[in-house]
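As structure tokens, the structure follows; a few thoughts come after it.
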Amino acid sequence: MKSIHLMTLITMFVVFNSCDKNEDLYGKKTLKGRLYVTNTFNGSGQPKLLVNTEIRISFNHNNPSLNYDRAVKTDENGFYIFNNLPDKDFRVFCQTTIDGLRYNLLGDLKGNLENQDLYLIPDPDYLKGLILKVTDINMQNISNIRVGIYSSRILANRDSDYSLTQPITTNTLGEVFFTDRRNGKYFVKVLDSLGIYRFQGLDSANITGNLDIKTMVVH
């Protein structure tokens, strides 16, 4: 009889212990929504859906970028869903790189949330390089125009068709973002046409290893 009672106690201990450990696996909460990226740095600032992108969450205040409990990917419409979550607060993490710019999300979510859209913004620790805003003489932004960058004025003057560089086209705010450049002095050049208008300009710019911002006026 003592052997039977002992086995019963061991079984009960294992069952209760398993239930406690599995709280993180078989909770009743659901967290769902859509994932967006918002370029407030050198873009339009309008949210855009992110598809096929991993989202991580952690419980107990762990950093989900390194130590996460669950991970899902958004579907083709940007939707994500975490099922069977415990009744706890969460930390959420997501990171992606688009056009050389890294976006990041790391924050806390309360356990009573069910529907929650998530927004990635440019990672401030990654924002290093040169932002060049191109305007006309009336200080109006010029979008969809190509900008070249050169290591010397001689190269910039010699290049009449962007054959010596890989130009970047300005966005809707008239900006380009040059990254992955060594620190030093550079020359930026515009020699491009938009419809019947011809724009040209040449200016110097310094890249210091931080976030450098410059406005270039073209004629």
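Please compute the modelled spin-label separation between I121 and S151, points set 7 Å along Cα→Cβ, answer in nm with one decimal. A separation of 3.7 nm, rounded to one decimal place.
Over all orientations, the stretch 129-217 has a Cα convex hull whose mean projected area works out to 5.4 square nanometres.
D for the stretch 71-219, whole µm²/s, Stokes-Einstein with Kirkwood Rh over alpha-carbon pairs at 20 °C and 1.002 mPa s: what number? So the translational diffusion coefficient is about 118 µm²/s.
Each of Q46 and Y197 was given a label point 7 Å from its Cα along the Cα-to-Cβ line. The distance between the two points is 2.0 nm.
Here the 3J(HN,Hα) profile of the stretch 125-138, calculated from phi with Karplus coefficients 6.51, -1.76 and 1.60 at θ = phi - 60°, is 6, 10, 7, 10, x, 10, 9, 10, 9, 9, 10, 8, 5, 8 Hz, Gly and Pro shown as x.
Going through the cross-link list K32/K128; K28/K73; K73/K128; K128/K189; K48/K185; K32/K88, which pairs have a Cα-Cα distance over 23 Å in this structure? List each step's numbers first, then the result.
On the way: K32/K128 33 Å; K28/K73 20 Å; K73/K128 29 Å; K128/K189 21 Å; K48/K185 35 Å; K32/K88 15 Å.
Violating the 23 Å Cα-Cα cut-off are K32/K128; K73/K128; K48/K185.
The ratio of the alpha-carbon radius of gyration of the stretch 28-122 to the globular-protein estimate 2.2 N^0.38 Å is 1.05. Remark on K29: its backbone amide H falls under 5 Å from those of N84, L85, a criterion applied only to residues 5 or more positions apart or on other chains, H modelled at 1.01 Å from N.
No lab work stands behind these numbers, since they all come straight from the coordinates. Remember, predicted model here, so these are calculated numbers, not experimental data. When we count neighbours, we look across all protein chains shown, and the Cβ atoms used for this are built from the backbone with ideal geometry, even at glycine.
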